Amino acid sequence: MKRFKTIDKDHWWITAHTSERERAGVFVPLELARREGDFSRVRGVVWAWFRRECGRTDLSVSAKLILWSVCERWRYETWSSHDAISYYAKMTGVNRKTSGRAMTELIEREVVWCVLEGEQKRLRKSQPGGKKHFLLVGLVDLL
């Protein structure tokens, strides 16, 4: 993966690089992250994104519940949600193993990306070790 000019090394998905190909994924343009000062507007867009993704018929019910919890815990400061999957399981009342499978489903279908903080690394499934962030794919396009 290429290295980009970022706000800081930990949140490498917030970048000064703004090509259309990268914006289609999860990369947040630096000027957008700085410009969007209206937190309530951005949260509204997060929920609009959730409603769009929740309408997908290829996602299981447990995946949609975990996606809800990811959106609920999404943070403006990092443009991500970075709680443990076990926390999302507790939020929704879903079994821990089921929530892990649901998160894997979301990652495989590229609804969310799982990335490591401080390392420009995208994970294909959540794994132990390192602080993980869950990024909402396509959120930037709605802004």
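Quick note: the coordinates plus some simple rules give every number you see, no bench work behind them. Keep in mind the model is a prediction, meaning the values are calculated, not measured. Cβ sites come from the backbone with ideal geometry, for glycine too, and all protein chains shown count toward neighbours.
Our coupling estimate for the stretch 108-117, obtained by passing each phi through the Karplus curve with A = 6.51, B = -1.76, C = 1.60 and θ = phi - 60°, is 4, 8, 6, 7, 10, 10, 10, 10, 9, 5 Hz, Gly and Pro reported as x.
Could you compute the FRET efficiency for Lys90 and Trp68, with r as their C-beta to C-beta distance and R0 at 22 Å, rounded to 0.05? Efficiency, rounded to the nearest 0.05: 0.95. Simple point charges give the picture: +1 on the Cβ of Lys and Arg, -1 on the Cβ of Asp and Glu, and for the stretch 14-142 a dipole about the Cα centre of about 420 debye.
With R₀ set to 25 Å, the beta-carbon distance separating Ala48 from Glu108 gives a calculated FRET efficiency near 0.60.
Short to long, the 5 Å bins of the Cα pair-distance histogram for the stretch 14-142 hold 2, 11, 22, 24, 21, 13, 6, 1 percent of all pairs. Computed over the stretch 71-129, the alpha-carbon pair-distance distribution with 10 angstrom bins reads 21, 57, 22, 0, each value a whole percent.
Averaging the Cα positions of each part gives two centres, and for the stretch 62-81 and the stretch 37-59 these lie 10 Å apart. Report note on the peptides 70-83, 117-130: ranked by the mean count of other C-beta atoms within 10 Å, highest first, their order is 70-83, 117-130.
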